[in-house]
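**Q** Before anything else, here's the structure in question.
The values are calculated or read from the model by the stated rules, or taken from the named source; none is laboratory data. Model, not experiment: these values are computed from the prediction. As a convention, Cβ positions derive from the backbone with ideal geometry for all residues, glycine included, and neighbour counts pool all protein chains shown. Keep in mind that these areas ignore ligands, DNA and RNA; they rest on the heavy atoms of the full protein, side chains included. Shrake-Rupley method; radii C 1.70, N 1.55, O 1.52, S 1.80 Å.
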Amino acid sequence: MNSAELAPSTETMLLNLGPQHPSTHGVLRVWLELDGEVIVNADPDIGYLHRGIEKMCENRTYHQCLPLTDRLDYLAGTANNFGFVLAVEKLLGVEVPKRAQYIRVLLAELTRISSHLFWLGTHGHDLGAMTPLFFAFREREELMDLFEMVWGGRLFPCYLRIGGLAADLPEGFVEKAWDFVKKFPERIKDYHNLLTKNRIWIARTKDVGVLTKEEALDWGWSGPMARGSGVDWDIRRDTPYSSYQDFDFKIPLGTNGDTYDRYLVRMEEMVQSNLICRQVLEKMPSGDINVNDPTVILPPKEKVYNTIEGLINHFLLIEKGITPPKGEIYQAIEAPKGELGFYIISDGSPHPFRVKVRGPSFVNLSPTKVLAKGRLLSDLIALIGTMDIVLADVDR
Amino acid sequence: MQFLLAEGARLGLSLIGVISLVAVNALFLIWMERKVSAHIQLRPGPMEVGFHGALQTIADALKLIGKELITPEDVDKLIYLLAPIVMFLPVLVSFLVIPFSPTLLIRDLNVGVLLIFAFSTLTVLAILMAGWASNNKYALLGAIRSVAQNVAYEIPLLLTAMSIIIMAGSFQPSVIVAQQGLVWNIFVQPLAFILFIICGTAETNRAPFDIPEAESELVAGFHTEYSGMRFAIFFLAEYTNMFIVSAVATIFFLGGWQGPFLPPVVWFLLKVYALIFLMMWFRWTFPRLRFDQLITFAWKILIPLSLVNLIVTAFVLKLVR
């Protein structure tokens, strides 16, 4: 007689975790089949935040799509703008001036730090460490102040434009950014003190949610999730865009592919992002911020008011919009959460025929079922935290 | 007759005293917790109501009194309603034997410590009742966790307590305090103190052992379905339990009311609140353990250690005496 026959017969319990739950990071619903505390089956159910952003893009001009991309991964708005703007520029075949590229990199890396800080705080909070949240948010708040200087808001930037930027950096921004960049490496020690060597933290994260290198690639993981499993792949280094080749940075890699490794990878990524910001600030070139192409960029106001050509140019770009040539394009960037790709089909009209977003959160979430099986309920919470999902990015 | 009247008056007064102590203590501890957590987390905490938010918890309590008492559908009504009471009453009983000073104690029972442990065990029953009767899966999971946890941690708690009790040779709190006249037990039994504080933290369901009500996993755990004052009573009991555990630790290890210059009551309360501060410090610094790790920790580390401690204590005592 084997042990299964000897065991008393038990029933499993169905638990509906979410969509309203403190640690599903938004409106994720997980159907759980529990045997006591052990997860027999975990089925993530998504779609509660589906807004049809991809479809909405089809009825808008390219520039009108830009604010929609803000709302994909709302913790890293600039990264979304960045991907979309780069894709359209690739379609148009224009390259923005060096200064604009550098400013874009600076803002994208600051956004990465801010997104990772948010992850750190909430991940810690999910595992019961309440305090790192406030330490992380102290720095995030400073970043938010910086962002507010640039685009006047906190979460939804819409600062990048197809062919350049909405405006040059405001006065005093560079000094404040230097302040932040200089003090951040000191601040990051606080988080290490609270968590990195904490026995409980290690016990909660080590060997939880392990995916080997091959499995991570099979599941399509990218970004810090894949690097935690040891996949040496970073779009910033391997297919550089927007002058990333000018900067010197390391790609941290994990070895075990567990939650603790992914934690270390993200912590080191913040340091590296900070290094990139430092280099951008050191090397920041002067010059134009927009491409010199009247079919893409609005003419300056004095031309609009004083010349008929300028007025017509302005009118056409506003009324009709940018018209890229017929074709399709895929452009991916290294967003804080992984590969963020935009696949755009243009039929030559001012509206995109199709916009497909390859959001990192959706892909990162997909192996939940495999990772959660046989683990405890508490591990599922750690898993959702380490995946660093934003449901707006999952559902789109 | 006169004796009965005097005793009755004494008991009545004691009851009033205990209830007001419990209420004031809980109000103060909630405020203290909010302030301690705030200062650990780089924020000021409540500042608006009263001096540095001192009256904030009173405002909160008034709000809770005004809240509707919701009884969800399909709950096991009798058990659901009884659970908060079962949670709260044993807590009151424990105050009967706590010696605040040589003179300020209600009953100096010779089984005092035993009484405290016996009644504090009842909170498990209350948590189980609340979780089971709530007809909520989160509450049920919280209750299951709580029972497993409390059973596991009761053993090392009692074993460490035993090593102190055999030193004093009595279950009587006042005797245990008097025995530490020259050297406090914390210096004689440092390991026992650490074990006791760990188990005490677990017994009161405080972080890092707060898995029965792990907010980010089980919403609010066993009291998810309780609202208004019913919820407040659970809260009250939790904070009062903290006081009792710290009081017992003070009696066992910190020499109870003893101390120079200040009156005994002040010394006693100072030590109790210092220990409570320590427990709050744990909560706002450590992540939460996982359920299986928690149980493993109790069975594989705490119980063997406390057993060894007990055996060594017994052995040394035999040699000395």
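**Q** Could you state the principal axis extents of the C-alpha atoms in the stretch B:149-211, from the largest down, to the nearest angstrom?
**A** The Cα atoms of the stretch B:149-211 stretch 39, 20, 16 Å along their principal axes.
**Q** I'd like to check one number: the per residue accessible area of the stretch B:27-106, probe 1.4 Å, reported in Å² as a whole number.
**A** Details: 4320 Å² over 80 residues.
On a per-residue basis, the stretch B:27-106 sits at 54 Å².
**Q** Checking the table A:Lys183/A:Lys283; A:Lys176/A:Lys301; A:Lys90/A:Lys250; A:Lys337/A:Lys369 against a 23 Å threshold on Cα-Cα, which pairs fail? Walk me through the intermediate numbers first.
**A** On the way: A:Lys183/A:Lys283 19 Å; A:Lys176/A:Lys301 30 Å; A:Lys90/A:Lys250 27 Å; A:Lys337/A:Lys369 20 Å.
Beyond 23 Å: A:Lys176/A:Lys301; A:Lys90/A:Lys250.
**Q** Quantify, in whole percent, the carbon and sulfur part of the accessible surface of the stretch B:71-320 (1.4 Å probe; protein heavy atoms only). Walk me through the numbers before you get to the answer.
**A** Numbers: 7400 of 9570 Å².
Result for the stretch B:71-320: 77 percent of the exposed heavy-atom area is carbon or sulfur.
**Q** How long are the three semi-axes of the equivalent ellipsoid for the stretch A:266-391, computed from the Cα gyration tensor as the root of 5 times each eigenvalue, in whole Å, largest first?
**A** Numbers: eigenvalues 364, 106, 26 Å².
Each semi-axis is the square root of five times an eigenvalue, giving 43, 23, 11 Å.
**Q** How much accessible area does B:Glu68 have with a 1.4 Å probe, in Å² rounded to the nearest 10?
**A** Around 130 Å² of this residue is reachable by solvent.
**Q** On the full set of protein chains, 1.4 Å probe, figure out the accessible area of B:Leu82 and give it in Å² to the nearest 10.
**A** It works out to around 70 Å².
**Q** Is there a quick way to get the dipole size of the stretch B:184-313? I mean about its Cα centre, with the Cβ of Lys and Arg at +1 and of Asp and Glu at -1; what is the value in debye to the nearest 20?
**A** Numbers: 7 positive and 8 negative charges, 67 e Å.
It works out to roughly 320 debye.
**Q** Also, I was wondering about something else. With a 1.4 Å probe on protein heavy atoms only, tell me which residues of the stretch A:31-79 lose at least 50 Å² of accessible surface in the complex relative to the chain by itself.
**A** A:Glu37
**Q** Near B:Lys300, which aspartates and glutamates are there with a Cα under 13 Å away, not counting those fewer than 8 places off in the same chain?
**A** Of all the aspartates and glutamates, those that pass the test against B:Lys300 - Cα under 13 Å, at least 8 places apart if same chain - are B:Asp292.
**Q** Return the Rg/Rh ratio of chain B with Cα-based radii and a Kirkwood Rh.
**A** Using Cα coordinates only, the ratio equals 0.97.
**Q** Quick check: the distance between the Cα centres of the stretch A:189-247 and the stretch B:150-207, to the nearest angstrom?
**A** Spelled out, the Cα-based centre of one part sits 45 Å from the other.
**Q** Once Lys and Arg get +1 and Asp and Glu get -1 on their Cβ, which of B:Phe268, B:Ile65, A:Val105 lies farthest toward the positive end of the dipole of the protein assembly as shown?
**A** B:Phe268
**Q** From the P(r) of the stretch A:28-176, could you give the percentage of C-alpha pairs in the tail past 26 Å?
**A** Numbers: 4469 of 11026 pairs.
That fraction is 41 percent.
**Q** Additional query: Give me the lysines in straight-line cross-link reach of B:Lys67: C-alpha distance below 27 Å, same-chain residues under 8 apart excluded.
**A** Partners found: B:Lys35, B:Lys77, B:Lys137.
**Q** How tilted is helix B:77-94 with respect to the longest principal axis of chain B? Cα atoms for both, answer in degrees (0 to 90, nearest 10).
**A** 30
**Q** If you take each beta carbon of peptide B:278-288 and count the beta carbons of other chains within 10 angstrom, what is the mean? If you can, show how the numbers build up before the last one.
**A** Details: counts 0, 0, 0, 0, 0, 3, 4, 7, 10, 20, 10.
The shielding value for this peptide is 5.
**Q** Stokes-Einstein D for the protein assembly as shown at 10 °C, 1.306 mPa s, Kirkwood Rh over Cα pairs, in µm²/s?
**A** On the way: Rh = 29.0 Å.
Result for D is 55 µm²/s.
**Q** Measuring with a 1.4 Å probe in the full set of protein chains, what accessible area per residue, in whole Å², belongs to the stretch A:239-396?
**A** Values: 6440 Å² over 158 residues.
On a per-residue basis, the stretch A:239-396 sits at 41 Å².
**Q** Nearest 10 degrees, 0 to 90: what angle lies between the long axis of helix A:173-191 and the longest principal axis of chain A (Cα atoms)?
**A** Between the helix axis and the principal axis of chain A, the angle is about 10 degrees.
**Q** About the Cα centre of chain B, what is the dipole size in debye to 20, counting +1 per Lys and Arg Cβ and -1 per Asp and Glu Cβ, all else neutral? Display every interim value, and only then the final one.
**A** Values: 19 positive and 18 negative charges, 144 e Å.
Roughly 680 debye for chain B.
**Q** So if I place +1 on the C-beta of Lys and Arg and -1 on the C-beta of Asp and Glu, and nothing else carries charge, what would the dipole magnitude of the protein assembly as shown be about its Cα centre? I want it in debye, nearest 20.
**A** Numbers: 63 positive and 71 negative charges, 282 e Å.
Using only the charged Cβ atoms, the result is roughly 1360 debye.
**Q** How many percent of the accessible area of the stretch A:277-396 is carbon or sulfur, using a 1.4 Å probe? Each step should come with its number before you reach the end.
**A** Details: 2960 of 5150 Å².
Answer for the stretch A:277-396 is 57 percent, counting heavy atoms of protein chains only.
**Q** Expressed in whole Å with the largest first, what are the equivalent ellipsoid semi-axes of the stretch B:1-66 derived from the C-alpha gyration tensor as the square root of 5 times each eigenvalue?
**A** Details: eigenvalues 269, 31, 12 Å².
Semi-axes, largest first: 37, 12, 8 Å.
**Q** Going by a ≥ b ≥ c, the root eigenvalues of the Cα gyration tensor, does the stretch B:166-321 fall in the rounded group (a/c under 1.5), the prolate group (a/b larger than b/c) or the oblate group?
**A** Details: a/c = 2.56, a/b = 1.46, b/c = 1.75.
Here the stretch B:166-321 falls in the oblate category.
**Q** Can you tell me the orientation of helix B:264-283 relative to chain B, as the angle in degrees between its alpha-carbon axis and the longest Cα principal axis, to the nearest 10?
**A** So the helix axis and the longest Cα principal axis differ by about 50 degrees.
**Q** Right, next: Just tell me how shielded A:214-223 is by partners: mean number of partner chain Cβ atoms within 10 Å of each residue's Cβ, no decimals.
**A** Numbers: counts 0, 0, 0, 0, 0, 0, 0, 0, 0, 0.
That works out to 0 on average.
**Q** Not counting ligands, DNA or RNA, and with a 1.4 Å probe, what is B:His52's accessible surface area in Å² rounded to the nearest 10?
**A** Accessible area of B:His52: about 80 Å².
**Q** Summed for both chains, how many Å² of accessible area, to the nearest 100, are buried between A and B with a 1.4 Å probe? Before the final figure, lay out each step's value.
**A** Numbers: alone 17250 and 15630 Å², together 30200 Å².
Approximately 2700 Å² gets buried when A meets B.
**Q** Can I ask one more? What is the local net charge at A:Ile53, summed over the other residues whose Cβ is closer than 12 Å to its Cβ (Lys, Arg +1; Asp, Glu -1)?
**A** On the way: positive: A:Arg51, A:Lys55, A:Arg60, A:Arg71, A:Lys356, A:Arg396; negative: A:Glu54, A:Glu58, A:Asp70, A:Asp73, A:Asp393, A:Asp395.
Cβ neighbours under 12 Å give a net charge of 0.
**Q** Shifting gears a bit: Return the carbon/sulfur percentage of the accessible area of the stretch A:147-192, one whole number, probe 1.4 Å, all protein chains in place. All intermediate terms of the calculation are to be shown ahead of the outcome.
**A** On the way: 1110 of 2190 Å².
Accessible surface attributable to carbon and sulfur in the stretch A:147-192 totals 51 percent.
**Q** Turning to a different aspect of this structure: Taking every pair of alpha-carbon atoms in chain A, what share in percent sits in each 10 Å bin, from 0 to the bin with the longest distance?
**A** Going from the shortest bin to the longest, the percentages are 5, 22, 31, 23, 12, 5, 2, 1, 0, 0.
**Q** What net charge is computed for the residues neighbouring B:Ala26, neighbours being all others with C-beta under 12 Å from the C-beta of B:Ala26, Lys and Arg scored +1, Asp and Glu -1? Mind showing how you got there, number by number?
**A** Working: positive: none; negative: B:Glu33, B:Asp60, B:Glu238.
Here the count lands on -3.
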